[in-house]
Each structure stands twice: as structure tokens, then as C-alpha cells.
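The structure under discussion appears below in the form of C-alpha cells.
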There are 2 protein chains.
Amino acid sequence: MKTLVSRCPIEEVMQMLSGRWPTLLIYYLKQGTKRFSDLRRDNPTISHKMLTLELRKLEDAGIVERSEFEGYPLRVEYQLTPAGHRLVPLIDALGDWWETTSDTSAHPGSMDAEAAVSNTASRD
Amino acid sequence: MKTLVSRCPIEEVMQMLSGRWPTLLIYYLKQGTKRFSDLRRDNPTISHKMLTLELRKLEDAGIVERSEFEGYPLRVEYQLTPAGHRLVPLIDALGDWWETTSDTSAHPGSMDAEAAVSNTASRD
DNA sequence: AGTAAATTACGCACCTTTTTGTAACCACGA
DNA sequence: TCGTGGTTACAAAAAGGTGCGTAATTTACT
């Protein structure tokens with residue numbers, strides 16, 4: 001699936017991480033092993049189809065590992081690979097960068113600073 | 001002005017950096033001040049529409065600064081802001097991560113990495 | 001001298017391509 | 001029948017490309 005002819009690793013990662021879901025899913029998987037239905041509960045706005053598609057993409061990229069357990073209502077678990085775990089702090093760093101850069105220009109006068117802070121509270 | 005209503009800074013950065021162009025443009029702007037036509041030459045596959053759109057987005061995000069010089073034929077220069085420069089190493093880190101993870105057998109295919117490069121058939 | 005074309009950095013309208021959402025269906029067994 | 005994880009077909013939306021118009025000045029041709 002990852003039939004990429006890009007010369008540049010940055011283009012490749014960005015193609016991997018682009019869109020709303022990849023980083024969100026990584027965030028939730030960072031919390032530990034999750035089942036398909038867990039991830040849907042964690043993020044109710046993702047469609048069934050998108051979740052499978054994105055999980056497959058993350059799997060192909062070596063970020064997520066899929067474990068299928070034989071059984072009655074079929075159980076499948078997803079978790080971050082070691083590489084996936086190494087990716088997490090890099091993504092977090094981007095989030096931090098964004099927060100600090102938004103701070104330096106986001107206060108137009110005497111707005112309530114406290115409100116702004118709690119407004120941008122991360123999901124950590 | 002970035003009027004974004006996302007709760008999470010990571011979602012916001014990723015929305016900013018998603019797509020093929022943002023990181024590419026940042027890469028070229030990292031080299032120094034560039035004019036519109038320079039950037040088109042650097043990246044011939046981007047359309048003028050996309051270039052203006054993406055530059056505007058980067059500008060709104062505070063990553064790129066636009067300087068317009070009076071005169072004809074109108075000259076406009078683009079360069080990274082300090083925040084933009086701080087972003088560069090973070091993006092590079094993602095590129096490095098990708099390179100190392102691709103190396104360390106992250107792709108459990110049945111063929112070796114060399115063959116996989118020239119062969120487009122993977123999992124379909 | 002007069003006209004035409006080129007230049008630069010766009011905006012806009014139209015159209016195609018890609019991505020994403022919706023909904024239905026499959027299989028299995030309690 | 002329900003719930004599990006997944007697939008497929010079709011529709012909607014978003015992203016992206018093409019080409020034309022704009023500005024004020026210089027150059028190119030006639």
C-alpha cells in the first residue's frame with residue numbers, strides 16, 4: 001500500500017501523518033492496547049471505514065501492530081510498535097511548538113489569559 | 001490570523017502541516033529568502049494557485065513572513081519567521097525517525113527491502 | 001511613435017481527481 | 001438477534017489543476 005516514490009523521508013512521514021486521524025489514533029494507542037471498538041469509542045467522529053483504513057496505514061508504516069485473536073465475536077487488538085512509541089515524543093514536540101508560537105501572538109490586548117490557557121489545554 | 005477551534009494543539013499543527021506542500025515549502029524557505037517565482041522553480045509541480053494558498057496558510061500560522069516591495073513588476077519575498085526556524089528541526093526529526101524505522105525491518109513483508117523498492121506490489 | 005508582449009504575484013471560475021462519509025452487507029457464534 | 005471487525009458500492013466533499021484576468025512598467029517589433 002505504501003507505494004511511495006518519494007526521494008525525501010520528510011515527504012514520506014508527512015504523507016503518513018497527514019490528515020486528522022493518524023496522530024489522534026497514535027495518541028489514544030499511546031495509552032496502551034486498544035481494540036477496534038475502543039478506538040471508535042475514544043473517537044466517535046471517525047467512521048468505521050476510516051478507522052480500518054487508517055489503522056491499516058499505520059500498520060503498514062510499522063507504527064501500529066495488529067493482533068488478531070481467534071474467537072467467537074473475533075477480537076482484534078492494536079498497539080504501538082517500538083517505532084510508534086519513538087514517534088510519540090516527536091509529535092508531542094510539534095504540539096508544544098504550536099502552543100508556544102500561538103502564545104506569542106494570540107493575546108490581542110487585555111483578554112483573559114487564564115481562559116486562553118485552559119482553552120488550549122492539551123489532552124495529556 | 002489562525003482562528004482554529006480545535007481542542008488539541010497536535011490536531012492544529014497537523015492540520016497546518018498536512019499535505020504535500022507545507023513541509024516542502026518550509027524546506028526550501030529554510031535556505032533563505034525566496035520570491036514567489038523562486039519557489040515555483042524550486043518545486044515545478046506545484047501550481048501557482050496552490051503556492052499562493054499554501055504560502056497564505058503558512059503566513060497565517062506565523063511560520064512564514066511575506067514582504068511586499070512597491071514597484072513593477074511587483075516583488076514579493078517570503079522567509080521563515082523565528083517560529084518557522086524553530087519548527088525546522090522538529091520536522092527534520094520526523095524525517096530521521098522515518099529513515100531509521102524503515103531501516104530496522106519495520107515492514108514485515110516477505111521480501112527484502114531492496115526488492116520492495118523496485119517492486120510496487122506489496123499488499124493490496 | 002504606436003502597438004504588442006512580457007513581466008510578477010496573485011484572484012477567480014470551472015473542472016477533474018482524490019479523499020472521506022454513509023450505508024449496507026458478510027461471517028461467526030452466543 | 002446481537003456484537004465483532006471488516007469489506008464493498010455509491011455519494012458527498014475536499015483538494016488540486018487549468019486557464020484567464022489584473023496591475024504598471026519595460027522591452028521588442030513595426
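The values are calculated or read from the model by the stated rules, or taken from the named source; none is laboratory data. Computed from a prediction, not measured in an experiment: that's the story for all the values here. So basically every Cβ, Gly included, is an ideal-geometry build from the backbone, and we count neighbours across all protein chains shown. Surface areas here come from the heavy atoms of the whole protein model, side chains and all, with no ligands, DNA or RNA. Shrake-Rupley method; radii C 1.70, N 1.55, O 1.52, S 1.80 Å.
Quick notes on this one:
- Residues located in the stretch B:18-28, provided they are over 13 Å from B:Leu53 (Cα atoms), part of a helix (DSSP H, G or I) and out of contact with any Lys or Arg (no Cβ under 7 Å at 6 or more places or on another chain): B:Thr23, B:Leu24, B:Ile26, B:Tyr27
- Residue in the stretch A:41-52 that is modelled with the lowest pLDDT, counting only those that are part of a helix (DSSP H, G or I) and exposed (fewer than 14 other Cβ atoms within 10 Å of the Cβ): A:Arg41
- Looking only at the stretch A:29-40, and only at residues there that are assigned to a helix (DSSP H, G or I) and within 9 Å of DNA strand D (Cβ to nearest atom), the one that is farthest from the other protein chains (Cβ to nearest Cβ): A:Ser37
- Some residue of the stretch B:67-84 being in contact with a Ser or Thr (Cβ under 8 Å, 6 or more places away or on another chain) and assigned to a helix (DSSP H, G or I): yes
- Residue count for the stretch A:82-105 under the criterion of being open to solvent by less than 20 Å² (accessible area, probe 1.4 Å) and facing chain B (nearest Cβ under 7 Å): the result is 8.
- Scanning the stretch A:53-74 for residues that are surrounded by fewer than 19 Cβ atoms within 10 Å (Cβ to Cβ) and of a type in the set (Lys, Arg) yields A:Arg56, A:Arg66.
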